[in-house]
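Below is one structure, written out as structure tokens, with a few remarks after it.
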Amino acid sequence: MSILVNNKTRLVVQGITGGEGSFHSLQMIEYGTKVVAGVTPGKGGTVFEGVPVFNTVADAVKNQKANTSVIFVPPAFAADAILEAANAGIKVIICITEGIPAADMMNVYNSIKGKDITLVGPNCPGVISPGQAKVGIMPGFIHKKGRIGVVSRSGTLTYEAVKQLTDQNLGQSTCVGIGGDPVIGSKFVDIIKLFNEDKDTDGIIMIGEIGGTAEEEAAEFIKKNVKKPVVGFIAGRTAPPGRRMGHAGAIISGGKGTAAEKMAAMKKAGIMVVESPAEMGITMAKAIAKLKAKNAPAKKAAAQKTTQPKTTPKKKAVAKKAVSKSKIKSKTKK
Amino acid sequence: MKIHEYQGKQILHKYNVSIPMGGVAFSAEEAVEVAKKIGGEVWVVKAQIHAGGRGKGGGVKVAKSLHEVYEYSKAMLGMTLITHQTGPEGKIVKRLLIEQGVNIEKELYVGITLDRAVSKNVIMVSTEGGMEIEKVAAETPEKIIKEAVDPSVGIMPYQARKLAFALGLSGVQHKNTVKFLTSLYKAYEKTDASLAEINPLVVTKEGDVLALDAKINFDDNALYRHPEIAEYRDIDEEDPLEVEASKYNLNYIKLDGNVGCMVNGAGLAMATMDIIKLAGGEPANFLDVGGGANKETVANGFKIILSDPNVKAILINIFGGIVRCDRVAQGVIDATRETHVSIPIVVRLEGTNATEASELLEKSGLNFEVAHSLQEAAAKVTGVLAR
């Protein structure tokens with residue numbers, strides 16, 4: 001499994017004929033995402049690279065059974081596009097557009113709040129469940145199918161984390177870029193909740209940055225509810241207060257939203273907070289090895305009880321190795 | 001975007017928010033003319049810079065004659081005003097606001113901003129006006145009363161009444177405060193402001209409620225629909241290097257360190273600054289070159305970074321997803337040759353065609369320190385700084 005997008009995703013691209021929309025539609029199709037429709041008002045009836053284009057999202061839903069939307073329309077029209085998708089019955093809406101006025105997003109957020117709709121973004125790279133569907137602008141090839149969930153406010157810094165995971169031979173269940181704006185559809189808490197409930201996610205990497213209090217809220221939730229290992233990083237420890245660091249939402253205002261505050265709250269919640277962004281992958285690898293070692297004796301016992309021939313000797317050997325490793329570790333620690 | 005106090009007050013006046021009588025002056029002579037027009041016997045001369053704490057720095061003076069208006073204005077114009085918000089270098093005063101003096105009975109606080117936790121605008125009031133509100137929030141948070149506004153209906157009269165009562169007001173003062181808060185919220189909403197802070201909000205002995213100060217910031221993303229506000233931009237208040245960078249579509253913020261950096265993406269740029277610090281350096285800037293890192297963007301980036309004499313080394317960190325690393329590498333090589341960069345450059349390119357990119361850099365004959373991982377990049381920065 002995975003969260004938000006998977007091989008059942010039937011994607012409609014809003015703004016499919018625009019510069020960004022057309023380029024990334026091709027990239028998504030190449031990755032294997034089921035792009036079933038495009039929407040460009042006034043271009044209904046045309047076809048883009050084999051994908052039928054409609055005038056409205058409602059038409060795309062009716063004719064192509066689209067269930068997920070990705071939005072590439074310019075900032076002035078993006079709020080309208082999100083609400084059009086929401087009212088057409090789309091349940092997962094992913095908005096890539098950067099530069100939407102905060103007031104527009106505030107109206108959108110409060111209008112769809114409480115409804116059975118997940119909005120991701122805006123100003124985000126999108127969502128990818130490796131091997132199943134890529135809905136967004138991230139480079140597909142750095143990803144690997146696996147069991148780590150990644151959630152982040154940034155784009156390229158997310159790719160950095162993914163690359164580090166893949167280099168550690170740790171694949172990803174789903175990677176979600178929630179976006180760098182002050183008003184976003186899904187916050188850390190919303191995505192971490194989904195990862196926590198997903199049986200195929202073993203660990204979570206959360207990448208925050210200065211500004212707001214979303215990381216603190218997530219830390220509070222994790223402390224109470226999450227047993228899976230969580231590795232965290234906060235970008236912007238060296239950022240000066242009162243300056244917007246590229247992202248509209250990355251600003252320390254009134255002395256609030258500093259990296260130090262966020263890191264302290266996260267550490268307090270049991271999150272493995274890394275000081276250096278170069279250590280996200282390795283820290284998760286260590287946490288997963290530790291988890292495997294902890295679970296291995298239980299698995300071994302279960303295997304012996306049922307004496308199922310399905311458990312290959314290779315797997316047993318791996319489990320044994322992990323156990324002995326953990327023993328050594330705990331000894332050296334003492 | 002930030003604007004001056006007098007510009008903020010012009011906007012407030014347009015939305016029927018009460019302000020003291022006043023006007024802008026660019027010379028001492030003009031200041032006297034404005035004072036004459038206002039009339040009365042007491043005026044306030046206020047330096048107009050984009051920073052708070054002006055009073056303590058000598059940027060606000062009460063004049064009791066037209067002669068004093070002239071003298072204070074003469075002294076203030078051209079002076080370098082240093083406040084806790086300007087940094088040690090301060091800002092040069094080029095504009096003044098001349099206002100009528102008012103009979104202050106109470107100093108209150110009101111601020112409106114977006115509360116990200118609930119994704120709604122929130123109005124905050126406090127009886128502790130005239131003080132640093134951050135300090136009030138930290139020490140006596142119970143003295144700040146908040147009211148979140150539902151965006152679908154806007155501010156409701158009961159909310160304004162509640163806030164005015166919380167300020168301990170009654171009678172005509174209460175009535176005027178309700179009117180003030182309602183108008184202020186409308187001004188904030190209609191102009192796509194991101195902050196409207198009135199500190200102090202004063203109640204006069206006559207019962208008037210006035211904005212004695214006005215700090216209004218706007219959402220940059222919404223400026224396209226407010227051309228009249230976009231015109232208020234004062235480039236003199238911005239860092240010249242940052243203004244130059246914005247011409248090339250580079251997102252640059254100058255800092256005080258010794259290692260310049262050039263990165264694609266805001267989050268990775270912040271993380272790169274952090275890694276410079278961990279490597280024993282201090283970041284000299286934030287620079288996000290965005291999606292297309294080609295020869296031109298890299299060359300322009302070099303130009304901006306190298307205009308800062310404190311820079312002793314440069315770290316280029318590009319994660320090429322859609323953009324190909326070998327193309328970025330060629331851009332870096334060409335730009336380095338053309339701009340004759342003499343300080344060490346650590347280059348880390350990761351992503352599509354990263355191996356080809358490293359080969360290009362190594363074969364270029366130029367003095368690049370090529371790193372493959374973020375960890376290695378940090379180590380190389382430490383290395384070049386130790387030279």
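Remarks
- Annotation note: of B:VAL323, B:VAL289, B:VAL311, the sole residue that is buried (at least 24 other Cβ atoms within 10 Å of the Cβ) and either among the β-branched types (Val, Ile, Thr) or over 20 Å from A:PHE233 (Cα atoms) (or both) is B:VAL289.
- Residue that is nearest to the other protein chains (Cβ to nearest Cβ), among those in region A:115-167 that are among the hydroxyl-bearing types (Ser, Thr, Tyr) and closer than 19 Å to A:ASN196 by Cβ: A:SER152
- Number of the condition not met by A:ASN123 [criteria: (1) over 14 Å from the mean Cα position of the chain (by Cα); (2) in a loop (DSSP other than H, G, I, E, B)]: (1)
- Taking strands (runs of 3 or more DSSP E) as the structural unit, those lying wholly within region B:19-130 and holding at least 1 residues that are over 30 Å from A:MET105 (Cβ atoms) and not basic (Lys, Arg) correspond to B:22-25, B:43-47, B:60-63, B:96-100, B:104-115.
- Positions within region A:107-129 being farther than 19 Å from A:PHE188 by Cβ and in contact with a Ser or Thr (Cβ under 8 Å, 6 or more places away or on another chain), in sequence order: A:ASN107, A:ASN110, A:SER111
- Residue in region B:286-296 that is at the interface with chain A (Cβ under 8 Å from one of its Cβ atoms) and either hydroxyl-bearing (Ser, Thr, Tyr) or touching a residue at least 24 places away in the same chain (Cβ under 8 Å) (or both) present: yes
- Residues being part of a strand (DSSP E or B) and at negative phi are represented in region A:266-277 by at least one member.
- Residues of region B:110-145 satisfying the condition of being at pLDDT 95 or above and of a type in the set (Lys, Arg): B:LYS120
- Filtered residue count, region A:240-277, keeping only those that are closer than 21 Å to B:GLY281 by Cβ and either under 21 Å from the mean Cα position of the chain (by Cα) or surrounded by 22 or more Cβ atoms within 10 Å (Cβ to Cβ) (or both): 7
- Single residue of region B:114-147 satisfying the filter (within 12 Å of chain A (Cβ to nearest Cβ) and of a type in the set (S, T, N, Q)) that is farthest from the chain's Cα centre (by Cα): B:SER119
- Note on region A:170-201: residues that are within 14 Å of chain B (Cβ to nearest Cβ), charged (D, E, K, R) and either in a loop (DSSP other than H, G, I, E, B) or buried (at least 24 other Cβ atoms within 10 Å of the Cβ) (or both) amount to 2.
- Here B:TYR248, B:TYR252 are screened, and the one residue that is aromatic (Phe, Trp, Tyr), within 13 Å of chain A (Cβ to nearest Cβ), without any contact (Cβ under 8 Å) to a residue 60 or more places away in the chain and surrounded by 13 or more Cβ atoms within 10 Å (Cβ to Cβ) is B:TYR252.
- Matching residues in region B:350-380 - criterion: being among the aliphatic types (A, V, I, L, M), within 12 Å of chain A (Cβ to nearest Cβ) and touching a strand residue (DSSP E or B) at 6+ places or on another chain (Cβ under 6 Å): B:ALA371, B:ALA377
The values are calculated or read from the model by the stated rules, or taken from the named source; none is laboratory data. Predicted model, so just to flag it, every value in this text is computed and none were measured. Every residue, glycine as well, gets a Cβ built from its backbone with ideal geometry; the counts of neighbours run over all protein chains shown.
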